[in-house]
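> My structure is below; once you've seen it, I'll send some questions.
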Amino acid sequence: MTTHTLEADLDASVSEVIAGWERPGDLREQWRIAAELGWTTILDDLRADAPEQDLIDAACGAVTALGRGGIALPLRQTLVARAGTPLSTVDAIAVHSAAQGIWAPIADAGAFEEAGRDLANRPYSLVPAAEIPLRRTALSEVLRLQEMLGAAQGAVAEARRYVTERVQFGKPLAAIPAVRTTLGQLKVDVRQLETVTHEVRLRLSGDDGALAFALATAREVAATVVPRIAQTAHQLHGAMGVTYEAALHWRTRLLWADCDEGARWGDDGADAVPVEETALWSLTAPYSAGTNAISR
Amino acid sequence: MTEELRRRVRDFLAAHPFTPRCDSWAGSYDLDFSRELGKAGLLAVSWPERLGGGGGTAVDRLVVTEELLRAGAPLAAHWVGERQIGPTLLRHGSPELQEEFCPPLARAECTFALGMSEPDAGSDLASLRTSAVRDGDGWRITGRKIWTSGAHRASHLYVLARTSREADRHDGLTEFVVALDSPGITVTPILDLRGEHHFNEVVLDEVAVPGRWAIGRVGEGWRQVVGQLAFERGGPERFLSTYPLLSAVLAAGLVDDTARRGLRALAARLQILRAWVLETAQVLDAGGSPVVPAATSKYLGHEFELSVIDWARPLMPRATPAVRALYDQALAASPASGIRGGAAPVMLSMIARDN
Ligand SMILES: Cc1cc2nc3c(=O)[nH]c(=O)nc-3n(C[C@H](O)[C@H](O)[C@H](O)COP(=O)(O)OP(=O)(O)OC[C@H]3O[C@@H](n4cnc5c(N)ncnc54)[C@H](O)[C@@H]3O)c2cc1C
């Protein structure tokens, strides 16, 4: 199957496939299915100079769906490693230094040493990242953001379901104003993450300054809201949420692991935020996809 | 279109000098400035041309208001009428009512204040008691409205009143236009945190209102007003009130290393909020009522406005009096931003309920 026969929006179809999967499940078997269905090769033909938006959308859709389902597969790392530089096999686990996640040690392509396991039980290495071109970093980061966004959406759905079903004090928890306020804040946080992620994704085909700015702001937002989303979802979900059986459990572990992975970038790229109002105003304008330009 | 509009606003601002203020849409009143905006075709850009508008879209209006707020221009005189009364009339008013009020609103010749809140009806607006009873072809309105911004200067008052008692208190409400110079109206000032006269108590004692000034369907006021709240809450004024301070701090070169980090967080929120209000405007253009998206941007907008103040605070000892004045305006207006137009926790509750 080539990427061109894939649906533009892979989110729905991936969600359907993984609906019955067990967590953590059999990694190699899940990976075999992912490869067979063409998820691993989506970005093989991506052009570095003018990345095709439909391919990026497809990749983002697949990664988001996995995150939402709480499935920790090394898909985004492999997509980045293969982007524009296909490997001969479709089922190789590959890593790129921009997205070495955490899969580096078990990768078939790229040899690294395992230093430990993260909270999503993914092996990681401590190889310092080499100088990576902005566009490759951005592609890798957009997929990390999408994975977190998916996991965050999944976490909110679980928290929301719990407070509307769980009866305490004679009525569903969601009838208590303080509970609703907390749930409202949680949703605002997820919307923030969604918007900055979307903005980086659109700007992958824009100029460097606009892309670097969106990347810097998206990282800041993710670093702030993702840990809060995880904590708040658990607060609402009560003791049940921390159990191995809880669907929330798997989303949280993914959220924390991805957020911690982001910490390795530190303040990289923060100087893309101008200290001058005219530039700031123009860079904060939503990117208009049709015109390939920011509306100033 | 968008670029052209932004340029037109900037040209206008350059040709009409003013002192930038924080919270300028609520607190900076200059009727001449508003009328000049009207003459330049920069008011009511989204209304039909036959009603004095520019024939553009809600997105066009967003572009104009963003640029005006960014500059801290005096907008309070026309704000309520142009932001929500005109659009409400366009959605629900009879053609007669539209023709009577939209063209003068678009020229800022007629100006509005909002009579929604009452002493006993704040967050719980549906509990309001002001009543309107039939009187021949018209109505007589009696009740007390409070926090009525600008009622001492406006020509007209929008009033939400009860026209019948129904089992569900959301039924039986009706929206009206009332002339503020009508006999039976008393407007009493209430001073704000800076001691400024901004809002009022308005007492209505059997005020006569012509029948044609009921907006839309009698008894359907609640459904109509809920839609109106998207106009009231979903615009850029809910996050740009303190922007002139941010802008002045940057221009004054006050940003140090710590502030630079903070600026990244502010830039990120600004980017998010600008995307959200654009989405809201797009939904409005498609005829929708984006009430929850509007509540969402209002909520985060309030947080953003507060963060700008917190960010600027440590820089103020090195600031000039002009920058400091913007800071003082922002700070004094800040408690209101989480209350006016609907309190922050109430916004969160709406957001939580939405599926
Ligand atoms: C500067 C300013 C200008 C205004 N201009 C106008 C105007 O022009 N016209 C007009 O009609 N009104 C105006 N208002 C009034 C405004 O709409 C009301 O203040 C607002 O709806 C809140 O009502 P309240 O002040 O009675 O607060 P209350 O309803 O008494 O609530 C007090 C506080 O309790 C909390 N609270 C209330 N309900 C809930 C809930 N369900 N869940 C959680 N927390 C809750 C909130 O924190 C709230 O702030 C203005 C207000 C301000 C501050």
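> Could you check how many residues of the stretch B:121-163 are of a type in the set (Gly, Ala, Ser), away from the ligand (no atom under 15 Å from the Cβ) and open to solvent by less than 20 Å² (accessible area, probe 1.4 Å)?
Going through the stretch B:121-163 one residue at a time, the tally reaches 2.
> Picking from B:Ala265, B:Ala281, which residue would you name as being touching a residue at least 40 places away in the same chain (Cβ under 8 Å), more than 8 Å from chain A (Cβ to nearest Cβ) and either under 18 Å from B:Ala333 (Cβ atoms) or assigned to a helix (DSSP H, G or I) (or both)?
Residue meeting the stated conditions: B:Ala281.
> When you go through (1) buried (at least 16 other Cβ atoms within 10 Å of the Cβ); (2) within 15 Å of the ligand (Cβ to nearest atom); (3) not aromatic (Phe, Trp, Tyr) one by one for B:Leu191, which number turns out not to apply?
(1)
> Where in the stretch B:1-114 are the helices (runs of 4 or more DSSP H), entirely inside, with at least 2 residues that are within 14 Å of chain A (Cβ to nearest Cβ), touching a Lys or Arg at 6+ places or on another chain (Cβ under 6 Å) and open to solvent by less than 30 Å² (accessible area, probe 1.4 Å)?
B:58-71
> Checking A:Ser205 against (1) in a helix (DSSP H, G or I); (2) open to solvent by 20 Å² or more (accessible area, probe 1.4 Å): exactly one of these is not met. Which one?
(1)
> So if I check each of A:Arg144, A:Arg161, A:Arg135, which one is open to solvent by 20 Å² or more (accessible area, probe 1.4 Å), in a helix (DSSP H, G or I) and in contact (Cβ under 8 Å) with a residue 24 or more places away in the chain?
The match here is A:Arg135.
> Filtering the stretch A:174-196 down to residues that are of a type in the set (S, T, N, Q) and at the interface with chain B (Cβ under 7 Å from one of its Cβ atoms), which residue is surrounded by the most Cβ atoms within 10 Å (Cβ to Cβ)?
Among those residues, the one meeting the criterion is A:Gln192.
> From A:Thr284, A:Thr224, A:Thr217, which residue is open to solvent by 20 Å² or more (accessible area, probe 1.4 Å), hydroxyl-bearing (Ser, Thr, Tyr) and at the interface with another protein chain (Cβ under 8 Å from one of its Cβ atoms)?
Criteria check complete, one pass: A:Thr224.
> Within 14 Å of chain A (Cβ to nearest Cβ), surrounded by fewer than 24 Cβ atoms within 10 Å (Cβ to Cβ) and within 27 Å of B:Ser28 (Cβ to Cβ): which single residue out of B:Leu250, B:Leu245, B:Leu240 fits that description?
B:Leu250
> Further question: For the condition open to solvent by 30 Å² or more (accessible area, probe 1.4 Å), in contact with a helix residue (DSSP H, G or I) (Cβ under 8 Å, 6 or more places away or on another chain), away from every other protein chain (no Cβ under 14 Å) and not polar (S, T, N, Q), what is the one hit in B:Arg313, B:Arg353?
After ruling out the rest, the residue left standing is B:Arg313.
> So, one more: Looking at (1) touching a strand residue (DSSP E or B) at 6+ places or on another chain (Cβ under 8 Å); (2) surrounded by fewer than 21 Cβ atoms within 10 Å (Cβ to Cβ); (3) within 12 Å of another protein chain (Cβ to nearest Cβ); (4) of a type in the set (Asp, Glu), can you tell me which one A:Glu199 breaks?
(2)
> Sort through B:Ala281, B:Ala295 and tell me the only one that's open to solvent by less than 30 Å² (accessible area, probe 1.4 Å) and over 30 Å from A:Ala212 (Cβ atoms). Give the derivation first.
Values: B:Ala281 fails: over 30 Å from A:Ala212 (Cβ atoms).
Result: B:Ala295 is the single residue among B:Ala281, B:Ala295 that is open to solvent by less than 30 Å² (accessible area, probe 1.4 Å) and over 30 Å from A:Ala212 (Cβ atoms).
> Output the number of the condition that B:Ser307 fails; it satisfies all remaining conditions of (1) closer than 19 Å to B:Ile272 by Cβ; (2) of a type in the set (Ser, Thr, Tyr); (3) more than 20 Å from the chain's Cα centre (by Cα); (4) within 16 Å of the ligand (Cβ to nearest atom).
Unmet condition: (4).
> Criterion first (assigned to a helix (DSSP H, G or I), within 26 Å of the chain's Cα centre (by Cα), within 11 Å of chain A (Cβ to nearest Cβ) and closer than 30 Å to B:Val225 by Cβ) does B:Leu273 satisfy it? Write out each step before concluding.
Numbers: assigned to a helix (DSSP H, G or I): yes; within 26 Å of the chain's Cα centre (by Cα): yes; within 11 Å of chain A (Cβ to nearest Cβ): yes; closer than 30 Å to B:Val225 by Cβ: yes.
Answer is yes for this residue.
> Give me the residue from the stretch B:316-349 that is within 16 Å of the ligand (Cβ to nearest atom), within 14 Å of chain A (Cβ to nearest Cβ) and in a helix (DSSP H, G or I) and, out of that set, surrounded by the most Cβ atoms within 10 Å (Cβ to Cβ).
First, pick out the residues of the stretch B:316-349 that are within 16 Å of the ligand (Cβ to nearest atom): B:329-349.
Next, only the ones that are within 14 Å of chain A (Cβ to nearest Cβ) stay: B:338, B:342-349.
Imposing the further condition that a residue be in a helix (DSSP H, G or I) reduces the set to B:344-349.
Values: B:Ala344: 19, B:Pro345: 17, B:Val346: 20, B:Met347: 26, B:Leu348: 23, B:Ser349: 21.
Here the residue is B:Met347.
> Of all residues being within 20 Å of the chain's Cα centre (by Cα) and not aliphatic (A, V, I, L, M) in the stretch B:108-120, which is nearest to the ligand (Cβ to nearest atom)? Just the residue, please.
B:Ser117
The values are calculated or read from the model by the stated rules, or taken from the named source; none is laboratory data. Computed from a prediction, not measured in an experiment: that's the story for all the values here. Reconstructed Cβ throughout: ideal geometry from the backbone, glycine too, with neighbour counts over all protein chains shown. Protein only, heavy atoms only, side chains kept; ligands, DNA and RNA dropped before computing areas. Shrake-Rupley method; radii C 1.70, N 1.55, O 1.52, S 1.80 Å.
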